[in-house]
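Read through the structure below, which is laid out as structure tokens, and then see the notes.
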Amino acid sequence: GLTQTRYAHGIQMTLLAEAGAVGVLAWIGLLWILARNIWREASSCRASLALMLAYSTVDIVFEIPSMTVLFFFLLGIARPPAPGDSPVESPRISIAPSVRPGLYRAGLILFALSGFIFCSALYVAHDAQTEGMELLTSAGQRPSSETLRAAQARIERASRIWPSPMSDAALGRIHLMRAAAEGDASHFVQARARFSLAVEKSPASAALRAGFGQSLLAMGDTAQAAIQFREAAKLDPRGPYMERYVNLVLEGESGTSNVRPAF
């Protein structure tokens, strides 16, 4: 079953869901401007722009930062000269003649440098996240406190660079493990905060909601845990979350917990 619904596979559906009819009309207006100002020019970027626009109607293109930057970069260098301007001495690209060549080169260098820094930061974050998860995997069912601290340090570093919901959920699981290994109840509070943040960032993830529910169960908050398992069951009806929710409801009806059915 479908467990996550981050993006609609099509720019038109994404805009309709996120920006409504106004956003779709604004996008159509942009396409119209492109058609008028670029398609009539002999720009070498027309084919690339057309391909990206066509593919964006059936897949996630503009949800990927690098593709979005590439699209608007091509759009910038494909800009036709204004009426009355003399062309820039360049046989390959057509840029605004009012921009000085030195300033244009500096802009390209800054663009390339920004992209390099951005990609490097993502690489460092991914590497730190991977190292932390590998430490947890290699430690087996009961990792030591030292292993948990080392994994936590690496994933926290990844989270500072790129605060993704997966990092928050991983830190939540680590805090649950540390609470069990060290007997420190304060880790339950931190686990709850981390899972809550992960669910806030990605509310359509059934796995994250189930993890949040598990941390709430560990803290003894059965009623709130049942709510998270119920929401996870709605997102993934074929998953194991419905059974968990029903069991919590039955425990509530038998008096062993304070859960009541709430569909």
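A short reminder: the numbers here are calculations on the coordinates, not readings from a lab. Since the structure is predicted, the reported quantities are computational estimates derived from the model, not experimental observations. Cβ sites come from the backbone with ideal geometry, for glycine too, and all protein chains shown count toward neighbours.
Results, tabulated for the structure shown:
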| quantity | calculated |
| --- | --- |
| Pairs where the first residue, in segment 21-33, is over 16 Å from residue 71 (Cβ atoms) and the second is assigned to a helix (DSSP H, G or I) and not polar (S, T, N, Q), C-beta under 8 Å, 6+ apart | 23/15; 23/16; 24/15; 24/16 |
| Selection within segment 137-153 - crowded, with 17+ Cβ neighbours inside 10 Å and in contact (Cβ under 8 Å) with a residue 24 or more places away in the chain | 143, 148, 152 |
| Residue check for residue 120: over 24 Å from residue 239 (Cβ atoms) and polar (S, T, N, Q) | yes |
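For every residue, the table says whether it meets (1) buried (at least 19 other Cβ atoms within 10 Å of the Cβ); (2) within 29 Å of residue 121 (Cβ to Cβ); (3) of a type in the set (S, T, N, Q).
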| site | (1), (2), (3) |
| --- | --- |
| 164 | no, yes, yes |
| 172 | yes, yes, no |
| 188 | yes, no, no |
| 191 | yes, yes, no |
